[in-house]
Amino acid sequence: NKELRQSMNEWYDSFVKRFGFLNDKKNLELIKMDASGREMLSLERSIEGKLIKADIFSQPVAFNPNEITQADTSIEALSASLNKFGEVNTEYMLSLMDDKSREELLSDLHGRIYYNPLIHAYETADRFIAGNVIEKAEKIGKYLESHPQEENSFAASQSLNMLREAAPRPIP
C-alpha cells in the first residue's frame, strides 16, 4: 500500500530529524526496554558504517517477487498454496498443474489435507487434526447429519473418521 508506505516514511523521517537514528546509542537504550523493540531496530541497516532505511520503506518485502506459475507435483502445489495464501487453495493449486484433475490432486494429497465441512474448505492435516478433536468430530458429525446433501460428504466423512482415530482414548 503506497499510502501506508509514504506515511511510514514521513513518520520515520520526522523521528530521525528530531531524535536521531533508531540505532543511535541514545535511542537503543530506550527501544530495548520494550519487549518488541528489537524488531523496530530492523527498520534501519548499516552500510559501510552509515545507517540507512531498510528496504520496507521503498518496496514490499514479505512477498516473493518470483511468483510460482507451475508445479510438477501435488505436494509442490500445496507448498506454493501455503506460501502464497497460508491455506489450502485447491483452485490455485490446480492452476499450477495443467495435467491434474481435482480428483487426482485430492488423491495425491490424501493424508496431508482434510476437508472441513464447517468452513467448506480443505485444511492441512496438522491444522485439521489439532485442538479439541473430540469436540470438532462432534460438530462435524452433527453437521453431516443435518446436511445429508453436503457436496463433499465423502471427503467430510473421511475427515470425520480421521478425527475420531486421532481422539485420545478414555482412561478406564
Starting from residues that are under 20 Å from the mean Cα position of the chain (by Cα) and at pLDDT below 95, keep the ones in region 80-108 and report whichever is surrounded by the fewest Cβ atoms within 10 Å (Cβ to Cβ). Gly86
Which condition does Glu10 not pass, out of (1) under 30 Å from His120 (Cα atoms); (2) at pLDDT 95 or above, if it passes all the others? (1)
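Residue-by-condition table, conditions (1) under 22 Å from Arg164 (Cα atoms); (2) assigned to a loop (DSSP other than H, G, I, E, B):
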{"position": "Ala77", "(1), (2)": "no, no"}
{"position": "Leu94", "(1), (2)": "no, no"}
{"position": "Met97", "(1), (2)": "no, yes"}
{"position": "Tyr114", "(1), (2)": "yes, no"}
{"position": "Leu118", "(1), (2)": "yes, yes"}
{"position": "Tyr122", "(1), (2)": "yes, no"}
{"position": "Asp126", "(1), (2)": "yes, no"}
Given (1) over 23 Å from Ile75 (Cβ atoms); (2) more than 26 Å from the chain's Cα centre (by Cα); (3) in the same structural domain as Asn89 (by TED's automatic domain parsing), number of the condition Leu118 does not satisfy: (2)
Every residue from region 36-66 that is surrounded by fewer than 10 Cβ atoms within 10 Å (Cβ to Cβ) and more than 29 Å from Leu82 (Cβ to Cβ): Ile47, Glu48, Gly49, Lys50
Looking at this structure, is Glu87 among the acidic types (Asp, Glu), within 19 Å of Arg164 (Cβ to Cβ), touching a helix residue (DSSP H, G or I) at 6+ places or on another chain (Cβ under 9 Å) and not in a helix (DSSP H, G or I)? no
Pairs under 6 Å by beta carbon, first residue more than 17 Å from Trp11 (Cα to Cα) in region 38-52, partner hydrophobic (A, V, I, L, M, F, W, C) and surrounded by 10 or more Cβ atoms within 10 Å (Cβ to Cβ), six or more apart or different chains? Arg45/Ala54
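The values are calculated or read from the model by the stated rules, or taken from the named source; none is laboratory data. Everything numeric here is computed off the predicted structure, so don't read it as measured data. Please note: Cβ atoms are built from the backbone with ideal geometry, for glycine as well, and neighbour counts cover all protein chains shown.
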